[in-house]
Structures are given as C-alpha cells and as structure tokens.
Amino acid sequence: MEFGSSDVSLWKNSLSAYPARIQSLNKPNLVSLDDFYRIELPSLIHQRNPDPHITTPELSKLMQWKLSRGKWRPRLLDFVSSLDESHVKSASQKAFESLPDVSKAVSALTVLKGVGPATASAVLAAYAPDVAPFMSDEAMEAVLGNSKDYTLKQYLLFVDKLQTKSKELSSARDIFTPSDIERALWSSAVGAKLLALQSDPDSKKANTARDIKRKRKR
C-alpha cells in the first residue's frame, strides 16, 4: 500500500491486519508487549490526571516493545531501565503538558539518557495518538523515503504528513488518527515482506540461517 493512496478500504484492511502481523513476527513477548503499549499504557497515563506521566518501569516496558517491534538494541533498554523515577516523571509531565507543540514535547523527553526522538515519539503516541505518531522505520520509509534520520527535524516533517493524511482519510464514518496511519503503514510493510518470503523459499532459508547465527552470537 502506497502512502499516497486515498482508498479508505485499503487503509482499513491494513490497520485491521496489524494484530496478525504482530503475531507473525514470532518474537518473544511481542504480542503481550504490544497489548500493553496500545491498550494498558494509555489508560495508566490518563488515570494520573491532572498530572499525567509515565514511570520508569513503564518506560522500560515501552522500550522493550519498541525494540521488539523493530531492531533490538539492548543498550538502550539498559539506559532507560536505570533512569531515576523522579526524572522520568518530571520529563514526561513536561512533555505531555507541552502538547500539541510536538517539538517542545520531544525535547522535554530527550533529556533522559537513552531516549531519542524515536523513543520520545512512542511515549507521546501512547498519551496522544491523535497528535503524535510513533516514528517507526517502516512508516518513515513509506512517508519520507528514509528511515535512518532519527532527528527532531525529520520527525516533525513525518508528524505533519501523517496528521494531514489522517484528516484526508477521516470522515463521520471512519476516524483515522496519525497513530492509526503509522500502524497501517507498518502492517503493510511487514505484510509485503512476509509475502516476499512466501514466494521466495531461498530467501526464507537465508533469513533462517541468519537468525540462527545471531542467536549463537548472543
């Protein structure tokens, strides 16, 4: 599915396939981590009104979700898991208060060690999915053609485009948040990779061999 598509049915189908695509990755705990991130965490944050914030254990679990759904970087998990609770609470409160100013909100979170714009975007998306989407590699590539530039400037461009697309696709019948757009793009990209593997047995064998080698190195 192309980002430029205005076919609402394609977007709905891709979004509805998201849970199955998460499951298809066969990564340990990813299904439960994804349920935590999408369902439990937003509720926990909002229950803390009038001073919504995130805790260090929650940030650590969010990081596990982010790394499991994308590329595993264990050092980042070590950094956030050792953060002082009061610093995490203060930074996240300031970030949530800053919205809808996404730039200011990201800057408030990136003072924390191990938290870059991508992780900050995941925190903001958990609190305000209708404002700030998660900065995933797959969605960045679909929208901007580049997933390697994890800067605030690039994220703000990404946010603008996803907010515009969410307005374009939404109607009285169907509502798409920027976070829905991100998940649909991620789902579409993963679905395309799975289809390619199914149609190319040699590629599947090569990937399996690479996975075995990686496990031996850990």
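Residues of the stretch 153-199 that are free of Cβ contacts under 8 Å to residues at least 12 places away in the same chain, of a type in the set (K, R) and under 20 Å from M135 (Cα atoms): K153, K167, K193. Exactly one residue out of K89, K167 is out of contact with any Leu (no Cβ under 8 Å at 6 or more places or on another chain) and closer than 20 Å to E40 by Cβ, and it is K89. Looking at P133, is it touching a residue at least 40 places away in the same chain (Cβ under 8 Å) and either outside any loop (DSSP other than H, G, I, E, B) or more than 20 Å from R73 (Cβ to Cβ) (or both)? Yes, satisfied. Filtered by the rule that a residue be surrounded by fewer than 22 Cβ atoms within 10 Å (Cβ to Cβ) and over 19 Å from the mean Cα position of the chain (by Cα), the stretch 80-100 gives S82, L83, D84, E85, S86, H87, K89, S90, Q93, K94, E97, S98. Given the condition closer than 22 Å to L152 by Cβ, among the β-branched types (V, I, T) and touching a residue at least 40 places away in the same chain (Cβ under 8 Å), answer yes or no: does some residue in the stretch 89-109 qualify? Yes, because at least one residue in the stretch 89-109 is closer than 22 Å to L152 by Cβ, among the β-branched types (V, I, T) and touching a residue at least 40 places away in the same chain (Cβ under 8 Å). Going through the stretch 25-49 one residue at a time, which ones are modelled with pLDDT under 95 and either closer than 21 Å to Y127 by Cα or outside any loop (DSSP other than H, G, I, E, B) (or both)? Scanning the stretch 25-49 gives a single hit, N49.
The values are calculated or read from the model by the stated rules, or taken from the named source; none is laboratory data. Please read all numbers here as calculations on a predicted model, not as lab measurements. Here the Cβ is made from the backbone with ideal geometry for all residues, glycine too, and neighbour counts use every protein chain on show.
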